[in-house]
Amino acid sequence: MRTIALTEETRKNVLENLLKRSPSSYGKFEDAVAEIVENVRNNKDAAVFEYTKRFDGADINAGNIKVTKEEIDHAVDEAYKEAAQVRKDVQAKGEETLAYLAETGKMGIVLCGRPYHIDPEINHGIPELINSFGIAVLSEDSICHLGHVERPLIVSDQWMYHSRLYAAANYAKKNKQLEVIQLNSFGCGLDAVTTDQVNDIMTNSGRIYTVLKIDEVNNLGAARIRIRSLIAAVKIRNRKHIEPHPVPANIEKVEFTKEMKKDYTILIPQMSPIHFDLLTPAFRHCGYNVEILPEMGKQAVDTGLKYVNNDACYPSLIVVGQIMTALTSGKYDLNKTAVIISQTGGGCRATNYIGFIRRALAKNGYGQIPVISLSVQGIEKNEGFKFTPALLVRALQGVIYGDLFMRVLYRVRPYEKVKGSANHLHEVWKKRCIKSLEKARYGEFKKNIRGIIRDFDRLPITDEKKPRVGIVGEILVKFLPDANNHLVELLEEEGAEAVMPDLLDFMFYSFYNSNFKAEYLGKSTKAAKLCNMAISALEAYRGFLRKELERSDRFTAPPHIEELAEYAKPIVSLGNQTGEGWFLTGEMVELIKQGAPNIVCTQPFACLPNHVVGKGVIKELRRKYPESNIVAIDYDPGASEVNQVNRIKLMLATAEKKLKSDLPQAR
């Protein structure tokens, strides 16, 4: 193996030379890189060997190339050392710049954002524009080591650069010579979290906060005006001798105590009515006075827009909108009310829903209301709310009942001979299941499962054939009718059968992810074993349901999570674990294999993870499964419902045409 060392001499001025490249030449560079990528895609290793010889002077081929484990380990160690040195160099430059500002009395701007905002092609020359006003520019990485953030913050740090942003802002708020400008890219929902927090850190200390929204437009006119306005405002403050008054960035969280459990009402935002109708009694039988919020239609969205950063994702607007609509209704004693919300702890914005809720409460003067974090990891502690075995069993039974109702009801309702008979049967059994959850005995649970499947198996239905349409996507948009504009109803009105994967499978997905983390990301193998044990335990509990569904005439059993993972592997990496991740892709393959090749992929507008594993894999799914007929639908406050319906109808027209062409062959 030929090793090329990056010495001080070869490294000198590399970054400076790259940044000196004229933006007008970028098109040429892009064309050259695109040609190389296409050649490698088509010719694979042969192309790599060719370019290695041309650019590096190394004549390698499949016969003589060999990289040992020791060489790989050494290269990785050297890479980490170099990365650490780069960080030190950047920090040293930051300290040098701060010393220069202190000596000259000049102004500096901390130009912060995402790591990719350092790219001139993305920031459109804003650093140079600021320099043209005689102002020094510092990145958040250059000063973050000097800042100490008081915690807990109102938000959760989901990414490392979040922590650097907050530390840099915390340092800047105390330094009168520094101002902060944050770059924000259109459609980046995580920036809704960071911009809110950086804004809080600065403005709460009497400082100016500026955010510049940038996208593909490179017109700097608007940015120039904003920067000039900032400079003018700073000069006015200096003339008036307005001094910053730094205050801690942390918040005082209101804990849900044991005393509160006795007489507080806990509000739970609605996500899936068919499941949550059963979860209410599960919580109440364990001593919690919970109330599931009803569906609110557009009112929840409109209210959410008032209280949540409008760059946040659609589900967060709905969740906060439900809660704030309820709290401002006058129905509840605000000194005896709490809110509970799930917290995933992953990279998705859902981890920070709790922060959105707390900010909305504070904005409306409801800071005394406790917000309970519901998480398997125990991200936050609340003495008054505990996962007891009794609660877990009841919640599990409630979810399984909900999954079963969804499976059998959606399967027979489009074909019922007597209009409304399927819904009536569902209501009858729902009341029995709610009653059964008081004791939550496993024997009665099995009896109910068998009875539900038997009765829906016997419900009189027609023998007509309708297109089967699967529904996948972001968990709230998929399950909440208000969020997806009552998609199941629309499909049934248009002559189709809706097929919805189980809610419990998402829990399996969350547990299963620990295996990839342990194998490839250095995470705990013990945690992976515990998660696998949890999967086995849940599957054992659901085992009776699976057997009964397999014996039935009309229904199919849910897949195992290992099957879904195998379905997804050829298409996406199991490392895609943000949001619905690879699980969404696996669900689509499962639906295709189970006779529902027509799929609606529901996703919040600008939900980047779901665009990758949902919309982003449609082309490959069509290649592997030519019968697939998939449409991705974006949901957002500003989305056109007419456009959504028309696209779904177009998909259904294709499904109908395919169904009619298949029927003669079936006969």
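The values are calculated or read from the model by the stated rules, or taken from the named source; none is laboratory data. Just so we're clear, the structure is a prediction, and the values are computed from it rather than from any experiment. Neighbour counts are summed over all protein chains in view; Cβ atoms, including those assigned to glycine, are modelled from backbone coordinates with ideal geometry. The accessibility values were calculated without ligands, DNA or RNA, using every heavy atom of the protein model including side chains. Shrake-Rupley method; radii C 1.70, N 1.55, O 1.52, S 1.80 Å.
Just checking, which of Ser552, Ser514, Ser536 is open to solvent by 30 Å² or more (accessible area, probe 1.4 Å) and either polar (S, T, N, Q) or in contact with an Asp or Glu (Cβ under 6 Å, 6 or more places away or on another chain) (or both)?
Values: Ser552 fails: open to solvent by 30 Å² or more (accessible area, probe 1.4 Å); Ser514 fails: open to solvent by 30 Å² or more (accessible area, probe 1.4 Å).
Ser536 is the lone residue from the list that is open to solvent by 30 Å² or more (accessible area, probe 1.4 Å) and either polar (S, T, N, Q) or in contact with an Asp or Glu (Cβ under 6 Å, 6 or more places away or on another chain) (or both).
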request  = Please go through region 97-120 and pick out each residue that is touching a residue at least 12 places away in the same chain (Cβ under 8 Å) and of a type outside the set (A, V, I, L, M, F, W, C).
outcome  = Thr97, Tyr100, Gly105, Lys106, Gly108, Gly113, Arg114, Pro115, His117, Pro120
ask   = Which of the residues that make up region 209-248 are closer than 26 Å to Ala312 by Cβ and touching a Lys or Arg at 6+ places or on another chain (Cβ under 8 Å)?
value = Thr210, Leu212
Lone unmet requirement of (1) in contact with a Leu (Cβ under 8 Å, 6 or more places away or on another chain); (2) among the β-branched types (Val, Ile, Thr); (3) free of Cβ contacts under 8 Å to residues at least 40 places away in the same chain for Val76 = (1)
inquiry  = Restricting to region 575-611, count the residues that are open to solvent by 10 Å² or more (accessible area, probe 1.4 Å) and polar (S, T, N, Q).
reply    = 5
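Can you find a residue in region 50-63 that is in contact with a Lys or Arg (Cβ under 6 Å, 6 or more places away or on another chain) and over 30 Å from Asp196 (Cα atoms)?
First, pick out the residues of region 50-63 that are in contact with a Lys or Arg (Cβ under 6 Å, 6 or more places away or on another chain): 58-59.
Checking which are over 30 Å from Asp196 (Cα atoms) leaves us with 58-59.
Among the residues of region 50-63, at least one is in contact with a Lys or Arg (Cβ under 6 Å, 6 or more places away or on another chain) and over 30 Å from Asp196 (Cα atoms), which makes the answer yes.
How many residues does region 148-163 hold that are without any contact (Cβ under 8 Å) to a residue 40 or more places away in the chain and open to solvent by 20 Å² or more (accessible area, probe 1.4 Å)? Full working, then the answer.
First, the residues of region 148-163 that are without any contact (Cβ under 8 Å) to a residue 40 or more places away in the chain: 148, 157, 160, 162-163.
Among the residues that remain, those that are also open to solvent by 20 Å² or more (accessible area, probe 1.4 Å) are: 148, 157, 160, 163.
Matching residues across region 148-163 total 4.
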note = Per the filter on region 520-551, residues more than 27 Å from the chain's Cα centre (by Cα) and either aromatic (Phe, Trp, Tyr) or not in a helix (DSSP H, G or I) (or both) are Tyr541, Phe544
inquiry  = Here is a check on your reading of the model: is Lys619 within 22 Å of Glu493 (Cα to Cα), part of a helix (DSSP H, G or I) and more than 20 Å from the chain's Cα centre (by Cα)?
reply    = no
request  = Tell me, please, whether a residue that is open to solvent by 10 Å² or more (accessible area, probe 1.4 Å) and assigned to a helix (DSSP H, G or I) can be found in region 334-350.
outcome  = yes
inquiry  = Which numbered condition in (1) assigned to a loop (DSSP other than H, G, I, E, B); (2) hydrophobic (A, V, I, L, M, F, W, C); (3) closer than 30 Å to Gly575 by Cβ; (4) modelled with pLDDT of 95 or more is the only one that Ile318 fails?
reply    = (1)
ask   = Which number in (1) touching a residue at least 40 places away in the same chain (Cβ under 8 Å); (2) under 26 Å from Asn310 (Cβ atoms); (3) among the aliphatic types (A, V, I, L, M) marks the one condition that Ile208 misses?
value = (1)
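How many residues are modelled with pLDDT under 70 and either open to solvent by 70 Å² or more (accessible area, probe 1.4 Å) or in contact with a strand residue (DSSP E or B) (Cβ under 7 Å, 6 or more places away or on another chain) (or both) if we restrict to region 12-31? Lay out the reasoning, then the answer.
So in region 12-31, the residues modelled with pLDDT under 70 come out as 12-26.
From what's left, either open to solvent by 70 Å² or more (accessible area, probe 1.4 Å) or in contact with a strand residue (DSSP E or B) (Cβ under 7 Å, 6 or more places away or on another chain) (or both): 12-13, 15-21, 23-24.
Residues meeting the conditions: 11.
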ask   = Has region 47-69 got any residue that is under 28 Å from Gly125 (Cβ atoms) and touching a helix residue (DSSP H, G or I) at 6+ places or on another chain (Cβ under 6 Å)?
value = no
key: Close pairs (6 angstrom Cβ cut-off, 6 or more residues apart or separate chains): farther than 26 Å from Val393 by Cβ in region 418-441, of a type outside the set (D, E, K, R) and crowded, with 20+ Cβ neighbours inside 10 Å anywhere   = Ala422/Leu409; Ala422/Val412
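A quick yes/no check of all residues on (1) modelled with pLDDT under 95; (2) in a loop (DSSP other than H, G, I, E, B):
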{"site": "Ala326", "(1), (2)": "no, no"}
{"site": "Tyr366", "(1), (2)": "no, yes"}
{"site": "Ile369", "(1), (2)": "no, yes"}
{"site": "Val376", "(1), (2)": "yes, yes"}
{"site": "Lys381", "(1), (2)": "yes, yes"}
ask   = Could you list, in sequence order, the residues of region 637-652 that are closer than 14 Å to Val469 by Cβ, open to solvent by 60 Å² or more (accessible area, probe 1.4 Å) and over 25 Å from the mean Cα position of the chain (by Cα)?
value = Lys649, Leu650
Those residues of region 409-447 which are open to solvent by 70 Å² or more (accessible area, probe 1.4 Å), under 19 Å from Thr462 (Cβ atoms) and not in a helix (DSSP H, G or I), in sequence order = Lys417, Val418, Lys419
inquiry  = For a quick check of your reading of the model, give me the residue pairs whose first member lies in region 376-404 and is more than 13 Å from Phe276 (Cα to Cα), whose second is acidic (Asp, Glu), with beta-carbon atoms closer than 8 Å and at least 6 apart or on different chains.
reply    = Lys381/Glu255; Asn382/Glu255; Glu383/Glu255; Gly384/Glu255; Gly384/Glu259
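Residues of region 483-493 being within 18 Å of Ser640 (Cβ to Cβ), touching a helix residue (DSSP H, G or I) at 6+ places or on another chain (Cβ under 8 Å) and either open to solvent by 30 Å² or more (accessible area, probe 1.4 Å) or hydroxyl-bearing (Ser, Thr, Tyr) (or both), which ones? Spell out how you get there, then give the answer.
Keep residues of region 483-493 that are within 18 Å of Ser640 (Cβ to Cβ), which gives 483-487, 490.
Checking the rest, the ones that are also touching a helix residue (DSSP H, G or I) at 6+ places or on another chain (Cβ under 8 Å) come to 483-485, 487, 490.
Passing the criteria: only Asn485.
Of the residues that make up region 394-406, is at least one open to solvent by 50 Å² or more (accessible area, probe 1.4 Å) and assigned to a helix (DSSP H, G or I)?
Going residue by residue through region 394-406, those that are open to solvent by 50 Å² or more (accessible area, probe 1.4 Å) are none.
No: zero hits.
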note = Of (1) closer than 21 Å to Ile471 by Cβ; (2) within 22 Å of the chain's Cα centre (by Cα); (3) at pLDDT 95 or above, Arg554 fails just (2)
message = Restricting to region 593-602, count the residues that are under 21 Å from Arg623 (Cβ atoms) and either under 25 Å from the mean Cα position of the chain (by Cα) or part of a strand (DSSP E or B) (or both).
response = 4
ask   = Which residues, counting only those in region 106-123, are modelled with pLDDT under 95 and open to solvent by 60 Å² or more (accessible area, probe 1.4 Å)?
value = Pro115, Tyr116, Ile118, Asp119, Glu121
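State yes or no: is Glu519 acidic (Asp, Glu) and open to solvent by 60 Å² or more (accessible area, probe 1.4 Å)? So that I can check it myself, show each step before the final result.
Numbers: acidic (Asp, Glu): yes; open to solvent by 60 Å² or more (accessible area, probe 1.4 Å): yes.
When the stated conditions are applied, Glu519 passes them.
At pLDDT 95 or above, more than 18 Å from Ser132 (Cα to Cα) and buried (at least 19 other Cβ atoms within 10 Å of the Cβ): does that describe Ile201? Walk me through it before giving the result.
Working: at pLDDT 95 or above: yes; more than 18 Å from Ser132 (Cα to Cα): yes; buried (at least 19 other Cβ atoms within 10 Å of the Cβ): yes.
For Ile201, the condition - at pLDDT 95 or above, more than 18 Å from Ser132 (Cα to Cα) and buried (at least 19 other Cβ atoms within 10 Å of the Cβ) - is met.
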request  = Output the residues belonging to region 32-71 that are in a helix (DSSP H, G or I), surrounded by 10 or more Cβ atoms within 10 Å (Cβ to Cβ) and of a type outside the set (A, V, I, L, M).
outcome  = Glu35, Glu38, Asn39, Asn43, Asp45, Phe49, Glu50, Tyr51, Thr52, Lys53, Asp56, Glu71
remark   = Being under 21 Å from the mean Cα position of the chain (by Cα), crowded, with 19+ Cβ neighbours inside 10 Å, of a type outside the set (Ser, Thr, Tyr) and under 26 Å from Lys253 (Cα atoms) narrows Ala192, Ala167 down to just Ala192
